[in-house]
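The values are calculated or read from the model by the stated rules, or taken from the named source; none is laboratory data. Being a predicted model, the structure only gives us computed values, none of them experimental. Every residue, glycine among them, receives a Cβ derived from its backbone with ideal geometry; neighbour counts consider all protein chains shown. Each accessible area value is taken on the protein alone, full model and side chains, heavy atoms only, with ligands, DNA and RNA left out. Shrake-Rupley method; radii C 1.70, N 1.55, O 1.52, S 1.80 Å.
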Amino acid sequence: MTKTRVAVLISGRGSNMKALIDAAKAPTYPAEIVLVVSNMPGAGGLAAAAAENIRTVTINHKTFGAGADARRGFEAALTTALNGARADLVCLAGFMRLLSADFVGGWRGRLINIHPSLLPAFKGLDAHAEMLRAGVKIAGCTVHFVSAEMDAGPIIGQAAVPVFDGDTPDSLAARILAEEHRLYPECVRRIAAGDILLDGEGMVRISGAQASGALLNPPPIPTETTPPR
Ligand code: GAR
């Protein structure tokens, strides 16, 4: 089996990156993680990836200055790293830089992101607190193809979790993160298997054994039946 070569882009602790690395250890998993890139020197995920013998590279965006030229320089370095690793698919996993329309266009259908809300609601940085402020009763996470707008683009898969009275941003984030760690590897698996693609109209086309119904929403976690006190 020729495996899809995946590069993971991070800015922080990299728990979603680690979930992808762990999933890819299964011999039948159709993708392998060939590169981890961080824009933040010292990001926790870099050490975690190195401990798994995965190639890491830091491309510190701050060294490119400011403005449009800086972004071009940063993205040129990123492109060199991705091409050097012969990446087929790029997964943003807590990567906190906006990518330009040019860059995104060059990776059309091969660049995906995970976000801790049921998009298109609650984009951006403060999703957990905003969901609690709004009083939503169902939260979750979304994997989507990336467009030039932040946390936007055709949706590949979603997983839902309940919101309980007394939740804090941290308790909600932890419940969602557990689903992120299941959803992201599953979406990557199905993309790598060729069961999910972005068509010419920008629609996500899904085929294969589980193509219908509540697609990719993982089954409820059995231990999640008791609300927090
Ligand atoms: C995750 O919750 C991810 O969904 C979120 O950042 C966190 C990174 O955690 N991404 C975004 O908010 C993108 N807008 P991780 O570094 O442990 O994977």
Test result for residue 35, part of a helix (DSSP H, G or I), under 30 Å from residue 194 (Cβ atoms) and away from the ligand (no atom under 15 Å from the Cβ): no
Note on segment 90-118: residues under 30 Å from residue 166 (Cα atoms) and either surrounded by fewer than 21 Cβ atoms within 10 Å (Cβ to Cβ) or among the polar types (S, T, N, Q) (or both) are 96, 113, 117
Only one of (1) modelled with pLDDT of 95 or more; (2) assigned to a loop (DSSP other than H, G, I, E, B) fails for residue 152. Which number is that? (1)
Residues of segment 38-53 satisfying the condition of being small (Gly, Ala, Ser) and within 13 Å of the ligand (Cβ to nearest atom): 38, 43, 44, 45, 47, 48, 49
Boolean, residue 177 is away from the ligand (no atom under 11 Å from the Cβ) and out of contact with any His (no Cβ under 9 Å at 6 or more places or on another chain): no
Out of the residues in segment 159-193 that are under 19 Å from residue 109 (Cβ atoms) and open to solvent by 20 Å² or more (accessible area, probe 1.4 Å), which is nearest to the chain's Cα centre (by Cα)? 186
So for segment 124-136 (the condition being in contact with a helix residue (DSSP H, G or I) (Cβ under 7 Å, 6 or more places away or on another chain), open to solvent by less than 10 Å² (accessible area, probe 1.4 Å), aliphatic (A, V, I, L, M) and closer than 23 Å to residue 20 by Cα), does at least one residue qualify? no
May I ask you to list pairs of residues, at least six apart or on different chains, whose Cβ atoms are under 8 Å apart, with the first in segment 68-84 being modelled with pLDDT of 95 or more and the second being of a type in the set (D, E, K, R)? 74/97; 75/102
Near pairs, Cβ below 6 angstrom, 6+ apart or cross-chain, from segment 173-184 (over 13 Å from residue 118 (Cα atoms)) to any residue that is open to solvent by less than 30 Å² (accessible area, probe 1.4 Å) and more than 10 Å from the ligand (Cβ to nearest atom): 175/161; 182/218
If a residue must be open to solvent by less than 20 Å² (accessible area, probe 1.4 Å) and at positive phi, how many such residues does segment 139-158 contain? 1
Under the condition of being assigned to a helix (DSSP H, G or I) and under 9 Å from residue 35 (Cβ atoms), which residue from segment 71-93 is nearest to the chain's Cα centre (by Cα)? 82
Residue pairs meeting the criteria (Cβ under 8 Å; at least 6 apart or on separate chains; first outside any loop (DSSP other than H, G, I, E, B) and within 8 Å of the ligand (Cβ to nearest atom), in segment 112-124; second open to solvent by less than 10 Å² (accessible area, probe 1.4 Å) and polar (S, T, N, Q)): 114/142; 115/142
Looking only at residues in segment 1-31 that are assigned to a strand (DSSP E or B) and open to solvent by less than 20 Å² (accessible area, probe 1.4 Å), which one is farthest from the ligand (Cβ to nearest atom)? 31
For residue 54, state whether it is surrounded by 13 or more Cβ atoms within 10 Å (Cβ to Cβ), under 14 Å from the mean Cα position of the chain (by Cα) and closer than 20 Å to residue 4 by Cβ. no
